[in-house]
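Worksheet: the structure to be examined is printed underneath.
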Amino acid sequence: MYLVAATIFFACESAPPIDAGTQDAGAPDGGADAGLTEDAAAGADASLADDGGQPSVVRFVNAWGGFGTEPGQFIEPSSVELDSDGFVYVAGHEDRFQKFTPEGELVAIYGMAGTGDGQFDHPHGLAVDRRRGDLIYVGDQENSRLQVFQTDGAFVRLWGDALFQHIHDVGIDPASGELFVGDYELDTLRRFSPTGELLATYGGTGTGEGEFDGVWGVSTDSAGNVYVADTFNRRVQKLDPDGRFVAQWTGYEGEPFVKPTGVFVAARDRVYVCDSLADLVLVFDPDGAAIQRWDLATIVGSPSEPEDIVIDESGEHIYIGEVRGHRVLHLTTLP
């Protein structure tokens, strides 16, 4: 059975940003786009241009959450996802995942601590298959399994084994619906059918091409290539759909990664990387060429530590799970 702890519609109180004041605290002097590099603010990234070709900049909208286990609160929201209707799903360390409107109003809470269907022990890694009915895949980390739900929280199925030691993220091949599940402890990427049939295992511990030291974020592009935040090797690796090494990059225009965590591939195969301890989101093309650098501490007005990121189909709404303030940040490219 599945467990729905609550179904609620109300505006959650957001925790005030650290050193800032209120949830809607704007950027410091210099404007909401002050954290963008000069070329980014000038519109160098075509994926952030509006339909008329005019450049857009990233602006802070609001934040919600705060530390705790009450409805709408989080303990280190490490996974954030969107469905095709724009609802936001968030998992942290509270043995549940929560559903919000795009504006941050709590809709529902799914799950509780336990080992049964629809129960969790440290959920980590969310993926929503927007092309196939918005099925939600949740890594149930300490129960060593992956669970699948509908958007109303209805339990669909699960699978797991001893080789799920520490699920950290899940990527979905947009063409086939196949899943790439990253394991942080085993330094592997396992490929499954949507129903749980193991198709292949890639990686292993090391520093070589296609090897990992701490698989954190996983995402796929339109061709099925897989991007992996290889956290303690301080790089992002790109693999083809069969797990063969394609490329890697270790920073942004000579600035090394500090702790790359969340990875998300959005429209036009732009690759967004959370460099958590640097308080940055870095944007690349599929070959690793630098496009844009977002200084979140400046844009949001407080230290952040972004761990995961998701972007809607239009590219206009961006949601980031920040672990320092235990909040979800909402940014936009709209004027």
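The values are calculated or read from the model by the stated rules, or taken from the named source; none is laboratory data. Just so you know, these numbers come straight off a predicted model, no measurement behind them. Cβ: placed from backbone, ideal geometry, glycine included. Neighbour counts: every protein chain shown.
Taken together, Asp117, Asp161, Asp187 contain a single residue that is touching a Ser or Thr at 6+ places or on another chain (Cβ under 8 Å), acidic (Asp, Glu) and more than 17 Å from Val226 (Cα to Cα), which is Asp161.
Would you mind finding the one in Ile309, Ile299 that is crowded, with 20+ Cβ neighbours inside 10 Å and over 22 Å from Gly125 (Cβ atoms)?
Just one listed residue meets the conditions, Ile299.
Would it be correct to say that Phe164 is modelled with pLDDT of 95 or more and either more than 18 Å from the chain's Cα centre (by Cα) or farther than 17 Å from Ile320 by Cα (or both)?
Values: modelled with pLDDT of 95 or more: no; either more than 18 Å from the chain's Cα centre (by Cα) or farther than 17 Å from Ile320 by Cα (or both): yes.
When the stated conditions are applied, Phe164 does not pass them.
In region 245-252 there is no residue matching the filter, namely being surrounded by 13 or more Cβ atoms within 10 Å (Cβ to Cβ), over 21 Å from Ala290 (Cβ atoms) and of a type in the set (A, V, I, L, M). Out of the residues in region 79-96 meeting the condition of being part of a loop (DSSP other than H, G, I, E, B) and in contact (Cβ under 8 Å) with a residue 40 or more places away in the chain, tell me which one is surrounded by the fewest Cβ atoms within 10 Å (Cβ to Cβ). Looking at the filtered set, the residue picked out is Asp85. Looking across region 169-205, the residues that are outside any loop (DSSP other than H, G, I, E, B), surrounded by 18 or more Cβ atoms within 10 Å (Cβ to Cβ) and either β-branched (Val, Ile, Thr) or more than 18 Å from the chain's Cα centre (by Cα) (or both) come down to Val170, Ile172, Val181, Thr188, Arg190, Arg191, Phe192, Tyr202, Gly203. Can you tell me which residue in region 253-278 is surrounded by the most Cβ atoms within 10 Å (Cβ to Cβ), limited to those that are under 28 Å from Phe192 (Cα atoms) and hydrophobic (A, V, I, L, M, F, W, C)? Going through the qualifying residues, I end up with Cys274. When each of Ser304, Ser276 is tested for being in contact (Cβ under 8 Å) with a residue 12 or more places away in the chain and within 20 Å of Val57 (Cβ to Cβ), the lone residue that passes is Ser304.
Across region 108-137, the number of residues qualifying as of a type in the set (Val, Ile, Thr) and under 18 Å from the mean Cα position of the chain (by Cα) comes to 2. The selection criterion, being in contact (Cβ under 8 Å) with a residue 24 or more places away in the chain, out of contact with any Cys (no Cβ under 8 Å at 6 or more places or on another chain) and farther than 16 Å from Gln237 by Cβ, does not hold for Asp213.
Restricting attention to region 102-129, which residues are of a type in the set (S, T, N, Q) and either in a strand (DSSP E or B) or in contact (Cβ under 8 Å) with a residue 40 or more places away in the chain (or both)?
Hit for region 102-129 is Gln119, nothing else.
Here Arg131 fits the description: surrounded by fewer than 15 Cβ atoms within 10 Å (Cβ to Cβ) and modelled with pLDDT under 95.
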